[in-house]
Amino acid sequence: MDSPAQISVLQTAWQWWTYAARYEGALAATRRLGGVLWEFARDSTPDRLRARFGDAEYDWDYHVNTTSGAVGWRDRLLGMFHSAYQPTEPVAFHEMLDALQQSLQQTPGPDHTTLGTALNFRDFTFIDLGSGKGRTLLMASDHPFRRILGVELLPSLHEIAQQNLRQYKSESQRCFVLESICGDATAFHLPADPLVIFLFNPFPESGMRQVVANLDQSLREHPRPVYVLYHNPLLEHTLSESQKLRKIAGTPQYSIFTNL
Ligand SMILES: C[S@@+](CC[C@H](N)C(=O)[O-])C[C@H]1O[C@@H](n2cnc3c(N)ncnc32)[C@H](O)[C@@H]1O
């Protein structure tokens, strides 16, 4: 199968600048571009590069490559314009899935009864929008989801995710239908299944608004249970503006939204 075409750094920087200049003016956009490039240079010092391997323990355990340490300069620079690749820590991930289960047992539903029953993962498709090297897909496969999908913009990260999906072996694995798709998640057509959608700050505010609009539209066309797990919820207000979702649980580390 052909590899997806690489994304051009210059074109990405130009699109980023044009968008910024439209809202802030050319001078402010150019200054901010300088700031982005300066941050990239600081982020490329040997100390910072070494520090990024601090997230590699998972890779040692499962013989995969999901660390942010082993991301080339090109993808790191592209990440400055979209969002930098950083894998979710296993402890945080499992805490979020546990919280999802528990919050259902405690949360009042719209009719003031409790939502009650535990979520049956078998009914749900798990989707990570901005899935990078696919670590969350592997971790989600410890739960018996119906299937697991990741959507990643950068072709090289997507290709590594595909290798990881082939290579991963764990006795705790419960779902074996896993797929990484290369594309823009803000334009991704959500499947009509019950969904658990995972977001770890993949988009700037405009991208988040687009995804929320897509989800609202998808729920109008195909009403079904949907949960959104938002890790490090810096742009939580964009989800709160959804016409279909409401927040049912959260900590400073994550928020959980549902349409139920
Ligand atoms: C913070 S990382 C999270 C990776 C993964 N979800 C995890 O939790 O381990 C965000 C990822 O979103 C990707 N991304 C950024 N914009 C995107 C877009 N429009 N469509 C798909 N992926 C995107 C980045 O390339 C990066 O891999």
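The values are calculated or read from the model by the stated rules, or taken from the named source; none is laboratory data. All figures in this text were calculated on a predicted structure; none of them were measured in a lab. Cβ placement follows ideal geometry from the backbone for every residue including glycine, while neighbour counts extend to all protein chains displayed. Only protein heavy atoms, including side chains, enter the accessible area calculation; ligands, DNA and RNA are left aside. Shrake-Rupley method; radii C 1.70, N 1.55, O 1.52, S 1.80 Å.
General observations
- Of all DSSP bridge pairs formed entirely within the chain, close to 35 percent run antiparallel.
- Principal-axis analysis of the Cα atoms of the chain puts helix 9-24 at an angle of about 80° to the longest axis.
- Charge-dipole axis of the chain as Lys and Arg at +1 and Asp and Glu at -1 on Cβ define it, positive-most pick from 211, 175, 119: 211
- Shape category assigned to region 210-258 from the gyration tensor of Cα positions, a/c cut at 1.5: prolate
- Between 0 and 90 degrees, the angle of helix 26-42 with respect to the longest Cα principal axis of the chain falls at about 90 degrees.
- Dipole orientation for the chain: of the candidates 151, 139, 101, 151 has the Cα lying most toward the positive pole (charges on Cβ; Lys, Arg +1; Asp, Glu -1).
- Over the chain, relative contact order from alpha-carbon pairs under 8 Å, at least 6 apart, %: 15 percent
- Per residue, the chain exposes an accessible area of 51 Å² to a 1.4 Å probe, with every protein chain left in place.
- Neighbourhood charge, 12 Å Cβ-Cβ cut-off, centred on residue 177 and excluding it, Lys, Arg +1 and Asp, Glu -1: +2
- Dipole magnitude (debye, nearest 20) for the chain, charges at Cβ of Lys, Arg, Asp, Glu: 340 debye
- Accessible-area ranking of 49, 77, largest first, probe 1.4 Å: 49, 77
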